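Peer 1: Following this message is one structure expressed as structure tokens.
No lab work stands behind these numbers, since they all come straight from the coordinates. Just so you know, these numbers come straight off a predicted model, no measurement behind them. For neighbour counting, all protein chains shown are included, and Cβ atoms are generated from backbone atoms with ideal geometry for every residue, glycine included.
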Amino acid sequence: MPRLFSYKDFASGSPTVEAFANKHSPIIICNLEAKRDKPFNVKVKIGKTIKHPNSPEHHYQYIQLWSLETLIATVKLERASFGDLPVHVEANFTFIPKVSLRLIALAYCNKHGLWQSEEVFIKVKE
Ligand SMILES: [Fe+2]
């Protein structure tokens, strides 16, 4: 089992440590309510306010969206598509929910490992 990192693990550290966690943290952006059996859109952005490097040696490789133990989707990132400069990498997920969701995004940096977002609860209504 790989170690999972999260922003809160580092948020109370020095400014350098906080910045390290800030630029690695996946952020879930979506409505907090969804309609059952209708397409629902979720955006995952990497980095709260600080952009992450995107060099050949140091970049994000994939983003996953989970609801509890269910993997909803994986987006494999092609680094060159985002250029060589630091960037807020983003991935968009669209799926059809059946039940309420407890979303967690996981994202993998090839140098600093697997990072998880905060959990977001989505109420699914008729
Ligand atoms: Fe990194």
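Peer 1: Scanning region 37-50 for residues that are within 13 Å of the ligand (Cβ to nearest atom) and on the phi < 0 side of the Ramachandran plot, which turns out surrounded by the most Cβ atoms within 10 Å (Cβ to Cβ)?
Peer 2: The residue in question is I46.
Peer 1: Checking T94 against (1) away from the ligand (no atom under 16 Å from the Cβ); (2) loosely packed, with under 15 Cβ neighbours inside 10 Å; (3) under 25 Å from P2 (Cα atoms); (4) among the β-branched types (V, I, T), which single condition isn't satisfied?
Peer 2: Condition (3) is where T94 drops out.
Peer 1: Identify, please: which residue in region 97-108 is over 11 Å from the mean Cα position of the chain (by Cα) and in a strand (DSSP E or B) and is, among those, nearest to L4 (Cα to Cα)?
Peer 2: Going through the qualifying residues, I end up with R102.
Peer 1: I've got another one for you. If I ask for residues that are part of a loop (DSSP other than H, G, I, E, B) and either without any contact (Cβ under 8 Å) to a residue 12 or more places away in the chain or loosely packed, with under 14 Cβ neighbours inside 10 Å (or both), which ones from region 71-88 would you list?
Peer 2: E78, G83, D84, L85, listed by residue number.
Peer 1: Out of the residues in region 51-70 meeting the condition of being more than 13 Å from the chain's Cα centre (by Cα) and surrounded by 19 or more Cβ atoms within 10 Å (Cβ to Cβ), tell me which one is farthest from R102 (Cα to Cα).
Peer 2: N54
Peer 1: Then there is this: If you go through region 48-60 one residue at a time, do you hit one that is farther than 25 Å from I122 by Cβ, in contact with an Asp or Glu (Cβ under 9 Å, 6 or more places away or on another chain) and assigned to a strand (DSSP E or B)?
Peer 2: yes
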